[in-house]
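A short worksheet on the structure shown next.
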Amino acid sequence: MPDPESSQTLESLLNVVEKFPPPKKLKEQAWVKSNKIYEKAKRDPEGFWAEAAEILDWFKPWSKVLKWDPPDSRWFIGGKINASYNCLDRHVKTWRRNKVAIFWEGEPGDRRVLTYSDLYREVNRFANVLKKMGLKEGDRATLYLPMIPELPIAMLACTRIGVIHSVVFAGYSAKALQERLRNAEARLLITANHGYRRGKKIPLKKNADEALQDAPTVEKVIVYQRSDELTPMKNGRDFWWHELMQTVPPKCDPKPLDSETPLFTLYTSGTTGKPKGIVHVNGGYLVGTAITQKWVFDLKDEDVYWCTADIGWITGHSYIVYGPLAIGATEVMYEGAPDYPQPDRFWEIVERYGVTIFYTAPTAIRAFMKWGEEWPKKHDLSSIRLLGSVGEPINPQAWLWYRSTIGGGKCQIVDTWWQTETGMILITPLPGVTVLKPGSATLPFPGIEADVVDEKGNPVPPDRGGFLVIKNPWPAMLKTLYRDPERYRRTYWTQIPGAYFTGDGARKDKDGYFWIMGRIDDVMNVSGHRLGTMEVESAIVSHPFVAEAAVVGKPHPVKGQSITAYVMLRRGVKPAEGLKDDLKKQVRKEIGPIAVPDEIYVVEKLPKTRSGKIMRRVIRALISGQELGDITTLEDPSAVEEVRKWLKTVE
């Protein structure tokens, strides 16, 4: 097990004195007004979650809230539910039918407004398209789409008939898409001919065609026409979205599904080169996302909510699609980059739609700081009443800037900690009751028992670094890894006895507030995207000149972490001009642009144990300026000097 003291800076040297209690008006009007909710949930957790589940409509009530046989959980046993029904049907039966569900803006400037009735109609039609394609409950469909309304439409159409969806981030390469198609055993691929990013067209259909050269389970492909450019279509396999939608009826009844029926799989990076297919199910996941959406963001019917994440990641699943739509919210959805065509694009959107709740990543906040205050100051941001942070720890300086410059010095910030695996927010302020400390995710959500422990599972003293664990089950927790239940058990439930191992380091202060310090395993957090070192290393080593590679995350003022690669060449190969560019192209091809290393160093040796395992923690410590810790297991201590030598050349 990695040593948190040596692999990450867990001892915080910053003594944050300033605290921010909830403003009186917010406290008076918030959904949660009293700290008593924590004690209530602790006293009767199953009763608490049963009450939370009443936020949804069930076709059949459950007979038992929880059956917990670690590491297997079953929530709301016997209950029948449908996510699409909860996100649409129950709203169109009320005044919300004409309420705006999504304000959508494309990067080129095209705009659409979809009410709940509009969304309901489109989802019903597309569900019938799926049925016409022969899909049925339990089949898998992979979605490789840009941030357009058709992405949530396709997701909700899948859930309507019990098809398990797997969304693949549109920034991934053909090779990465292919790997996920094969693992999911998808029968259908849903894509678009193009997407837009910083003014460029992303060739999604071209990537899909390349991926499908070796994805034997895929029978059909549905293509949304995002641009007018000529798009090659394979007869009998490829179909245009708009043509299919013209031939189906506008009504498709939602299928009552067991609470434990899989809702979706989502692939996330791990410490090996093989992505993990996280499985979430209908009942518990929807309860967790709906209640946290309502309470953490204090979301009301009059709010305009904007989460800037991509739906290709879990944040977009939980807090763009299922959470907001389940509680009938009005939200903004934007296709492109925050600085296109200028660095004020986000603030232009906030002003245009009157955004009241704004949820983004620390990477974006640090980029805003770098671009300068003049850009947000060009726009009226006074509509914003609550700010959120997600994806990685936020440093106090960025927290204070965010509150002052974007929030006008008046907004509370909900700094949220959670993961793809957890499905829902687990550590967070409740805006009406929590006193905030800049940089702290504050306290576990009611009903969640978190702790910071040593490698034996013993709680560590206040302000001492350790492993962040969750000690009790929660409704939206992952159920397994698709086609790999043993890896699920080994990865999350064997490291610390009796607890879910998050893979993050943290500390708790004397007030019980949690300070998240980042990953303690071989996973990097680059611009809020979670990437496994092994995936990048595998891409580099696939180059014929490379023998071995060690990839680590390096602290970066904007991205959080940047990717640095140390490469050993095959015997007899000399470092040629252009090799580093070739290696970057290789990574771009294998994974996508998000995984391309910022820096590549060709070295003669790498720090290894006597058994041949590369000690990435030693390299991380070197490039981060930390203590090396125990290096007695190093086979050749001179390898440390090899890495240090290259660091000196760039200092």
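The values are calculated or read from the model by the stated rules, or taken from the named source; none is laboratory data. The structure presented is a predicted model; accordingly, all values stated were derived computationally and were not measured. Cβ coordinates were reconstructed from backbone atoms using ideal geometry, including for glycine residues, and neighbour counts include every protein chain displayed.
Values as computed for the structure displayed
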{"item": "Number of positions in the range 60-70 that are modelled with pLDDT of 95 or more and either in contact with a helix residue (DSSP H, G or I) (Cβ under 8 Å, 6 or more places away or on another chain) or surrounded by 19 or more Cβ atoms within 10 Å (Cβ to Cβ) (or both)", "result": "3"}
{"item": "Qualifying positions in the range 43-64 - touching a residue at least 24 places away in the same chain (Cβ under 8 Å) and not hydrophobic (A, V, I, L, M, F, W, C)", "result": "45, 57, 60"}
{"item": "Positions within the range 143-184 being polar (S, T, N, Q), in contact (Cβ under 8 Å) with a residue 60 or more places away in the chain and not in a loop (DSSP other than H, G, I, E, B), in sequence order", "result": "159, 166, 183"}
{"item": "Qualifying residue in the range 533-550 (condition: touching a strand residue (DSSP E or B) at 6+ places or on another chain (Cβ under 8 Å), under 30 Å from residue 414 (Cα atoms) and surrounded by 20 or more Cβ atoms within 10 Å (Cβ to Cβ))", "result": "yes"}
{"item": "Qualifying residue in the range 199-211 (condition: surrounded by fewer than 17 Cβ atoms within 10 Å (Cβ to Cβ), in contact with a Lys or Arg (Cβ under 8 Å, 6 or more places away or on another chain), at pLDDT below 95 and assigned by TED's automatic domain parsing to the domain that holds residue 137)", "result": "no"}
{"item": "Which listed residue is farther than 20 Å from residue 314 by Cα, of a type outside the set (S, T, N, Q) and crowded, with 23+ Cβ neighbours inside 10 Å, from 113, 123", "result": "123"}
{"item": "Some residue of the range 11-22 being surrounded by 14 or more Cβ atoms within 10 Å (Cβ to Cβ), modelled with pLDDT under 50 and either farther than 30 Å from residue 302 by Cα or touching a Pro at 6+ places or on another chain (Cβ under 9 Å) (or both)", "result": "yes"}
{"item": "Of residues in the range 401-452 being under 23 Å from the mean Cα position of the chain (by Cα), part of a loop (DSSP other than H, G, I, E, B) and among the β-branched types (Val, Ile, Thr), the one surrounded by the fewest Cβ atoms within 10 Å (Cβ to Cβ)", "result": "420"}
{"item": "Qualifying positions in the range 583-622 - modelled with pLDDT under 75 and not in a strand (DSSP E or B)", "result": "610, 611, 612, 613, 615, 616, 617"}
{"item": "Residue check, residue 84 farther than 19 Å from residue 514 by Cα, among the hydroxyl-bearing types (Ser, Thr, Tyr) and at pLDDT 95 or above", "result": "yes"}
{"item": "Condition broken by residue 566, with the remaining ones in (1) in a loop (DSSP other than H, G, I, E, B); (2) in contact (Cβ under 8 Å) with a residue 60 or more places away in the chain satisfied", "result": "(1)"}
